[in-house]
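Novice: If you scroll down you'll find the structure; I have some questions about it.
The values are calculated or read from the model by the stated rules, or taken from the named source; none is laboratory data. These numbers come from a predicted model, not from an experiment. Every residue, glycine as well, gets a Cβ built from its backbone with ideal geometry; the counts of neighbours run over all protein chains shown. Surface areas here come from the heavy atoms of the whole protein model, side chains and all, with no ligands, DNA or RNA. Shrake-Rupley method; radii C 1.70, N 1.55, O 1.52, S 1.80 Å.
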Amino acid sequence: MTVIQCLLISIFCVISGNEFPLYGSQFGWYVLGRPLIGGFICGIILGDVAGGIQLGVAVQLVYLAVVTPGGSMPIDLSFVSYPAMAIALASNMDSGSAIALASTIGVLGSFVCQLDFTVTSFFHKMQDKAIEEVDYNKYNKAYLVYPQLLKFLIRGVPCFLAVYLGAKYVGNFIDSMPQFVQAGLLSLGAVLPAVGIATLLTQSVRKNEYILFFLVGFVGIVFMNLNILGLTIFGGALAFLYYKSSFSEGNEAPRETNFDEEVL
């Protein structure tokens, strides 16, 4: 990879971080920071969009249910989405190897993230002082300028070094591994997405019997060879029929109560 490509990937890694104020971190962390989007962007930068999307889908499935409540950061997805994805693309990895690499770099990235949180916390005192002095210019610098420059140093430099140096050696390292190790990584890549989907179902499904809807969709894709559009139409029709049958004849569906009406 060229220096420009590594630099672009590092910039995206920084602006997709948890604390970067890109539309209140919503567009950065929750959009650019997802592995699917990162794989797509890395594919554009490295000239392999199809490969980037394929790897992004595989890695995204593993981290479907990753949340960061209260600043808890078990894994840094921005490091998964960019340096790990770029190295995997440059090294022509399969999905299993890419997932194993992403897991490792993501955990290492969480340490960088905690360092970022710790160091940038020193600017809070500067912000408080600026508020007391009603100095908007000083506050904007303490919030928008200094912390973000520090993020480019703390997050951008490790990402750049990982992509620029790592991509040269990871491919050779993967090729030198025994065949049974490569087969094991590929098997791991096939299992971990199922773990991610199961975790998401555990968090989102209110009643166990609702998993049947997921199984119907699985059967439709795997055994009936439905495409996504056909499955969406079929799922919408099935959901409507289930909604109508949930109420006995003559009973209306419960009306949603407005918050103001509930208070009154």
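Novice: Accessible area per residue for the stretch 206-248 in Å², computed with a 1.4 Å probe and the full protein assembly in place, what is it?
Specialist: Per residue, the stretch 206-248 has an accessible area of 84 Å².
Novice: If you plug each phi of the stretch 103-120 into the Karplus form 6.51 cos²θ - 1.76 cosθ + 1.60 with θ = phi - 60°, what whole-Hz ³J(HN,Hα) values come out, in order, with x for Gly and Pro?
Specialist: Those phi angles translate into 4, 5, 5, x, 5, 4, x, 5, 5, 4, 5, 5, 4, 4, 4, 5, 5, 6 Hz.
Novice: Just the Cα atoms of the stretch 31-132, one point each, no solvent: what log10 I(q)/I(0) does Debye give at q = 0.09, 0.15, 0.16 Å⁻¹?
Specialist: After summing over all Cα pairs, the log10 values are -0.27, -0.60, -0.66.
Novice: Show which lysines lie in cross-link reach of Lys125 when reach means a straight Cα distance below 26 angstrom and same-chain residues fewer than eight apart are skipped.
Specialist: Lys138, Lys141, Lys151
Novice: Something else: Which loop chymotrypsin sites (Phe, Trp or Tyr not before Pro) in the stretch 74-168, with loop taken from DSSP, have no more than 13 other Cβ atoms within 10 angstrom of their Cβ? Spell out each step's value before the answer.
Specialist: Details: sites: Phe79, Phe111, Phe117, Phe122, Phe123, Tyr136, Tyr139, Tyr143, Phe152, Phe160, Tyr164; in loops: Phe122.
Loop-located and lightly packed - Phe122.
Novice: Quick one: Karplus J couplings for the stretch 85-92, per residue in order, coefficients 6.51, -1.76, 1.60, θ = phi - 60°, nearest Hz, x for Gly and Pro?
Specialist: 5, 5, 5, 4, 5, 5, 9, 6
Novice: Just to confirm a number: summing +1 for Lys and Arg and -1 for Asp and Glu over residues other than Trp29 whose beta-carbon lies under 14 angstrom from that of Trp29, what do you get?
Specialist: Once all neighbours under 14 Å are counted, the net charge is 0.
Novice: Let me make sure I get this right: for the stretch 206-248, a, b and c are the square roots of the gyration tensor eigenvalues over alpha carbons, sorted descending. Under 1.5 in a/c it's rounded, otherwise prolate if a/b > b/c, else oblate. Which is it?
Specialist: Note, shape of the stretch 206-248 comes out oblate.
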